[in-house]
Amino acid sequence: DSMLYLLSRGDTEKIRETVDVYSLLDCKYLHSYILPRQVTSFAVQHETFFTTYEDSTTGPGILALKRVR
């Protein structure tokens, strides 16, 4: 894959819900994904995000999110 997916660092809630995508071919910003929860880690396969998150009421979990065009 020729894209870099970057989960921003920071201490605010919203910062951990944004994944920025850059092209590795020309180092240009492509787009961002806004995720429904604050995530602790993620993986991408065929434009599907698999994310882990912490929830104070249900505990840790995994989400699979597919991009809709």
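The values are calculated or read from the model by the stated rules, or taken from the named source; none is laboratory data. These numbers were taken from a predicted model, which means no experiment stands behind them. For neighbour counting, all protein chains shown are included, and Cβ atoms are generated from backbone atoms with ideal geometry for every residue, glycine included. In case anyone asks, the SASA skips ligands and DNA or RNA and just uses the protein heavy atoms, side chains included. Shrake-Rupley method; radii C 1.70, N 1.55, O 1.52, S 1.80 Å.
Residues in region 26-52 that are under 13 Å from LEU7 (Cα atoms) and either over 11 Å from the mean Cα position of the chain (by Cα) or in a loop (DSSP other than H, G, I, E, B) (or both): HIS31, LEU35, ARG37, GLN38. Note on region 56-69: among residues that are modelled with pLDDT of 75 or more and touching a strand residue (DSSP E or B) at 6+ places or on another chain (Cβ under 8 Å), the one that is least open to solvent (accessible area, probe 1.4 Å) is GLY61.
Which count do you get for residues in region 21-40 that are open to solvent by less than 30 Å² (accessible area, probe 1.4 Å) and at pLDDT 85 or above? Here the count works out to 2.
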